[in-house]
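Asker: Encoded as structure tokens, here's the structure I'll be asking about.
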Amino acid sequence: MKAILEIRDISKRFLIQHNKQGQAYMSLRESLSSLFKRNTSTQEDFYALKNVSFNVEPGECIGIIGKNGAGKSTLLKILSRITPPTTGSIVSRGRMASLLEVGTGFHPELTGRENVFLNGSILGMARKEIQAKFDEIIDFSGTEKFLDTPLKFYSSGMQLRLAFSVAAFLEPEIMVIDEVLAVGDAEFQKKCIGKMEDVNKDGRTILFVSHDLNAVQSLCKSTILLKDGQVSNIGKSEDIINHYLHSGPPAGNTWVQAANISHPHFKKLEVKLEGKQPNLKLVINSSIQCFANMVPSYIAYDIFSKIGTPIAQAIPNPEPFIRPSDNTINLTTVIDLEGFIPADYYIDAWLGPHHNETYDWPKECVEFSIVESPQKGRTYPHHPNHGYIVPNSKII
Amino acid sequence: MYLCLVEYEIKPHQKLNLGLKEIWLYREMLFFFTWRDIKVKYKQTALGFAWAILQPLFLMILFSLAGAALNIPSESLPHPLFTYSALILWMIFSTGVTTAGNSMLSNANIIRKIYFPRLIIPISSVSTALFDFLMAFIVFVGMLIYYHDRISFELGKFLLVFPLSIIITIVSTFGVGTLLAAITIKYRDFRYVTPYLVQVLMFITPVIYPISIFHFTGARYILAINPMYSAVELFRSCFNGQILDLRSVGISLLSALVFFIVGIYYFRKTEAYFADLA
């Protein structure tokens, strides 16, 4: 039997322009003015994907995992023909539907009913097909009562359920799914994963990209690990995920900003653990480069598990306490790690003037590991499936 | 049945063709995009579908008053009929070009997430403009009946000339619209240029004045480079009994085709990267 998808030596190159604020598009004014002055911008090639090849057999369910920036989304975009590869080709021998987002094309002014038809058609369903499945879709979403209400009056949860329901009734031969299940409430997620299993049992092929390693492991027999745009490993899901979890930590306990940045940023970060369980403390030393024209800012540290589950966010001062100046300031933050179970953790540092305005956000830049249990006298191991924090509890 | 090809190859560079086969495959999506645009456009207004009629109607009243006040000749036709006949045709072009020009940006969230032949978005913009025209045309028929003794109407000529003027309008609207759509997604500040461009074009199209006000006879050949010039003149000639100048019609037809080919060529050439730019 021929493979249903042949991915042959795909590469995707992006040009990074260094004189702009990272925008892909240009303005005519800039293009015109650059005609008249010496071009000062430097271009750099960046390969989001490099020589990726693999085959997918009919009926297979393949998981694609990897860290942020490993090229997962780019691969999905190429597979779903949204963006072309720079080199290489893909042969597809089945009708493909891609779900990079749920509710694509939903319009707030249209009613629930109208949006089901619009969204279904955008996802590739024929009108007759939507008509035939309409009752099932609405039933699955549980929004019968609001069918003729404009979508703008729906709660965000309801919009999401409706969007999922349309997607759940797609029946292509190949289905490409990007982390869409990461949102929505837990019960509905379960329902969707169940639906996906059914779809796979019908002999359809699924490519599933996710950070949720549990979902990947339970749904997909084999998994592809992407690393820096290349296929780092293909094999049985269990083996790949285990390997991924226990591969050497990429971040150390110090991090230094190598690039020259012209806005406020972290220059250096350093973490160390102090104390003993259960009174473990994390000490973060940071150097921040301030600017005279900056808006007063504050900082936050996000703690993640190694598989990307957010655990906690520490905000040492909720007021914008970093004042404009030309100095480099050094801050020491102490975070109580009460109840953290033994595991490896990453830290994202954040600097900005407002919770939705960011100056600098180095991700997964430093890490620490906890080896001791926070619970005295506990002999059995901790498992992330039960959460990363064991809160203090006692019987009174 | 799914709206996509069963077997295909994804390659770095696509060959340049119209992709009509694929557009036909995605015809239902085209229908839904047009349906959405029409529905949303009129749902948001208190006046609903009346809006499609009121827009050209108000402009017609304004221009006829101005025309009468400034003593602008309207060639044998009554002033309201003279301006309205040009306006409804002109509005296909102006709304079509403006919405098609912005369509890649206003649908960026869909372009970034789903594949489909990108051309169906400007096609749906032009179709929406044609729908407005149909609405406004109903009023036009009413006006023709009201002024029936002041127009010269021949059915044979109408059946020949009217489709030609509509075809020139659609072809040039679509050509200019797709060209602007592809430029606007790359150069974002171009969206501020589009309205000016459309406005300037209106003044070199004989919407509110007749071509006879130019004493220089070569003027019409220069003006005919703007395809809407002949579209308007052709449409009006159905009612004012004027004899057509075939040479200027030919120039307009040629220019409409050039816009069409250049627009689609540039659009197809750059569309693969729209998702990266959007």
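Asker: Could you check how many residues of the range A:33-58 are part of a loop (DSSP other than H, G, I, E, B) and at pLDDT below 85?
Answerer: Of the residues in that region, 6 qualify.
Asker: A further question follows. What pairs can you find where one residue is in the range B:167-196 and within 14 Å of chain A (Cβ to nearest Cβ) and touching a residue at least 24 places away in the same chain (Cβ under 8 Å), the other is in a helix (DSSP H, G or I) and basic (Lys, Arg), and their Cβ atoms are less than 6 Å apart, with a gap of 6+ or different chains?
Answerer: The qualifying pairs are B:Thr184/B:Arg191.
Asker: Right, next: Return the pair list, or none, for Cβ contacts closer than 6 Å from residues in the range A:65-88 that are within 10 Å of another protein chain (Cβ to nearest Cβ) to residues that are part of a helix (DSSP H, G or I), at least 6 apart or on different chains.
Answerer: Short answer, once both residue conditions are applied: A:Ile82/B:Ala275; A:Thr83/A:Lys77; A:Thr83/B:Ala275; A:Thr83/B:Asp276; A:Pro84/B:Ala272; A:Pro85/A:Ile78.
Asker: Of the residues that make up the range B:46-62, is at least one without any contact (Cβ under 8 Å) to a residue 24 or more places away in the chain and within 14 Å of chain A (Cβ to nearest Cβ)?
Answerer: Yes.
Asker: Answer with yes or no whether A:Asp178 is more than 30 Å from A:Cys220 (Cα to Cα) and acidic (Asp, Glu). Steps first, answer last, please.
Answerer: Numbers: more than 30 Å from A:Cys220 (Cα to Cα): no; acidic (Asp, Glu): yes.
Here the answer is no, as A:Asp178 does not meet what is asked.
Asker: Do you know which of the residues in the range B:249-276 that are surrounded by fewer than 20 Cβ atoms within 10 Å (Cβ to Cβ) and among the charged types (D, E, K, R) is nearest to A:Ala48 (Cα to Cα)?
Answerer: Only one residue fits best here, namely B:Asp276.
Asker: For the range A:340-358, which positions are acidic (Asp, Glu) and either more than 14 Å from A:Tyr298 (Cα to Cα) or crowded, with 16+ Cβ neighbours inside 10 Å (or both)?
Answerer: Taking the range A:340-358 first, the residues acidic (Asp, Glu) are A:344, A:348, A:357.
Result: A:Asp344, A:Asp348.
Asker: Of (1) surrounded by fewer than 19 Cβ atoms within 10 Å (Cβ to Cβ); (2) in contact (Cβ under 8 Å) with a residue 40 or more places away in the chain; (3) of a type outside the set (Asp, Glu); (4) more than 7 Å from every other protein chain (Cβ to nearest Cβ), A:Lys145 satisfies all except one. Which?
Answerer: (2)
Asker: Now, a different point. Look at A:Phe169 and say whether it is more than 20 Å from B:Leu30 (Cβ to Cβ) and either at the interface with chain B (Cβ under 7 Å from one of its Cβ atoms) or surrounded by fewer than 22 Cβ atoms within 10 Å (Cβ to Cβ) (or both).
Answerer: Working: more than 20 Å from B:Leu30 (Cβ to Cβ): yes; either at the interface with chain B (Cβ under 7 Å from one of its Cβ atoms) or surrounded by fewer than 22 Cβ atoms within 10 Å (Cβ to Cβ) (or both): yes.
Answer is yes for this residue.
Asker: If you don't mind, there's one more thing I want to ask. Just one of B:Leu160, B:Leu134 is assigned to a helix (DSSP H, G or I), away from chain A (no Cβ under 14 Å), within 13 Å of the chain's Cα centre (by Cα) and surrounded by fewer than 19 Cβ atoms within 10 Å (Cβ to Cβ); which is it?
Answerer: Numbers: B:Leu160 fails: within 13 Å of the chain's Cα centre (by Cα).
B:Leu134 is the lone residue from the list that is assigned to a helix (DSSP H, G or I), away from chain A (no Cβ under 14 Å), within 13 Å of the chain's Cα centre (by Cα) and surrounded by fewer than 19 Cβ atoms within 10 Å (Cβ to Cβ).
Asker: Then there's this: If you check B:Ile88, B:Ile110, which single one turns out to be farther than 17 Å from B:Pro195 by Cβ and without any contact (Cβ under 8 Å) to a residue 40 or more places away in the chain?
Answerer: Details: B:Ile88 fails: without any contact (Cβ under 8 Å) to a residue 40 or more places away in the chain.
Criteria check complete, one pass: B:Ile110.
Asker: Which residues, counting only those in the range B:89-119, are of a type in the set (Val, Ile, Thr), part of a helix (DSSP H, G or I) and out of contact with any Phe, Trp or Tyr (no Cβ under 6 Å at 6 or more places or on another chain)?
Answerer: B:Thr95, B:Val97, B:Thr98, B:Thr99, B:Ile110
Asker: When you scan the range B:135-156, do you find a residue that is modelled with pLDDT under 95 and closer than 19 Å to B:Leu201 by Cα, even just one?
Answerer: From the range B:135-156, those modelled with pLDDT under 95 are B:135-156; that's our starting set.
If we keep only those that are closer than 19 Å to B:Leu201 by Cα too, we end up with none.
Checking the range B:135-156: not a single residue is modelled with pLDDT under 95 and closer than 19 Å to B:Leu201 by Cα.
Asker: Here's another thing I want to ask about it. Anything in the range B:137-157 that is in a helix (DSSP H, G or I), among the β-branched types (Val, Ile, Thr) and in contact (Cβ under 8 Å) with a residue 24 or more places away in the chain? List them, or say none.
Answerer: Residues of the range B:137-157 that are in a helix (DSSP H, G or I), as a first pass: B:137-146, B:148-150, B:155-157.
Keeping just the survivors that are among the β-branched types (Val, Ile, Thr) gives B:138-139, B:141, B:145.
Those that are in a helix (DSSP H, G or I), among the β-branched types (Val, Ile, Thr) and in contact (Cβ under 8 Å) with a residue 24 or more places away in the chain: B:Ile138, B:Val139.
Asker: Let me ask another. Only one residue in A:Leu118, A:Leu110 is touching a Lys or Arg at 6+ places or on another chain (Cβ under 6 Å), facing another protein chain (nearest Cβ under 7 Å) and buried (at least 19 other Cβ atoms within 10 Å of the Cβ), so which one is that?
Answerer: On the way: A:Leu110 fails: touching a Lys or Arg at 6+ places or on another chain (Cβ under 6 Å).
From the options A:Leu118, A:Leu110, the qualifying one is A:Leu118.
Asker: For the subset of the range B:22-74 comprising residues that are more than 30 Å from B:Tyr115 (Cβ to Cβ) and β-branched (Val, Ile, Thr), which member is modelled with the lowest pLDDT? Before you say what the answer is, go through the steps one by one.
Answerer: The first filter runs over the range B:22-74 and keeps only residues more than 30 Å from B:Tyr115 (Cβ to Cβ), leaving B:45-74.
Narrowing further to those that are β-branched (Val, Ile, Thr): B:45, B:53, B:61, B:72.
On the way: B:Thr45: 73, B:Ile53: 81, B:Ile61: 89, B:Ile72: 80.
Selected residue: B:Thr45.
Asker: Which of the following residues is at pLDDT below 90, crowded, with 19+ Cβ neighbours inside 10 Å and either within 20 Å of the chain's Cα centre (by Cα) or part of a helix (DSSP H, G or I) (or both): B:Ile208, B:Ile222, B:Ile168, B:Ile183?
Answerer: Numbers: B:Ile222 fails: crowded, with 19+ Cβ neighbours inside 10 Å; B:Ile168 fails: at pLDDT below 90; B:Ile183 fails: at pLDDT below 90.
Checking each option against the conditions leaves just B:Ile208.
Asker: I would also like to ask the following. Enumerate the helices (runs of 4 or more DSSP H) found wholly within the range A:59-157, keeping only those where 1 or more residues are of a type in the set (Val, Ile, Thr), within 30 Å of A:Ile241 (Cβ to Cβ) and in contact with a strand residue (DSSP E or B) (Cβ under 8 Å, 6 or more places away or on another chain).
Answerer: Values: elements: A:72-79, A:112-123, A:127-141.
Here the list reads A:72-79.
Asker: Still on this structure, I have one more. Restricting to the range A:57-82, and then to whatever is over 19 Å from the mean Cα position of the chain (by Cα) and surrounded by fewer than 23 Cβ atoms within 10 Å (Cβ to Cβ), can you tell me which residue is nearest to A:Arg13 (Cα to Cα)? Please lay out each step first, then the result.
Answerer: Just the residues of the range A:57-82 that are over 19 Å from the mean Cα position of the chain (by Cα), to begin with: A:57-61, A:81.
Restricting the remaining residues to those that are surrounded by fewer than 23 Cβ atoms within 10 Å (Cβ to Cβ) gives A:57-60, A:81.
Values: A:Glu57: 27, A:Pro58: 29, A:Gly59: 31, A:Glu60: 29, A:Arg81: 16 Å.
Filtering first and then ranking leaves A:Arg81.
Asker: Polar (S, T, N, Q), free of Cβ contacts under 8 Å to residues at least 60 places away in the same chain and assigned by TED's automatic domain parsing to the domain that holds A:Lys281: which single residue out of A:Ser325, A:Ser297, A:Ser305 fits that description? Reasoning before the result, please.
Answerer: On the way: A:Ser297 fails: free of Cβ contacts under 8 Å to residues at least 60 places away in the same chain; A:Ser305 fails: free of Cβ contacts under 8 Å to residues at least 60 places away in the same chain.
That would be A:Ser325, the only listed residue that is polar (S, T, N, Q), free of Cβ contacts under 8 Å to residues at least 60 places away in the same chain and assigned by TED's automatic domain parsing to the domain that holds A:Lys281.
Quick grid of which residues meet (1) closer than 30 Å to A:Gly142 by Cα; (2) assigned to a helix (DSSP H, G or I); (3) outside the structural domain of A:Glu57 (by TED's automatic domain parsing):
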position	(1), (2), (3)
A:Asn200	yes, yes, no
A:Phe208	yes, no, no
A:His211	yes, no, no
A:Asn214	yes, yes, no
A:Thr223	no, no, no
A:Asn242	no, yes, no
A:Lys267	no, no, yes
A:Val271	no, no, yes
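The values are calculated or read from the model by the stated rules, or taken from the named source; none is laboratory data. Not measured: the values here are computed from a predicted model. Note: ideal-geometry Cβ built from the backbone for every residue, glycine included; neighbour counts use all protein chains shown.
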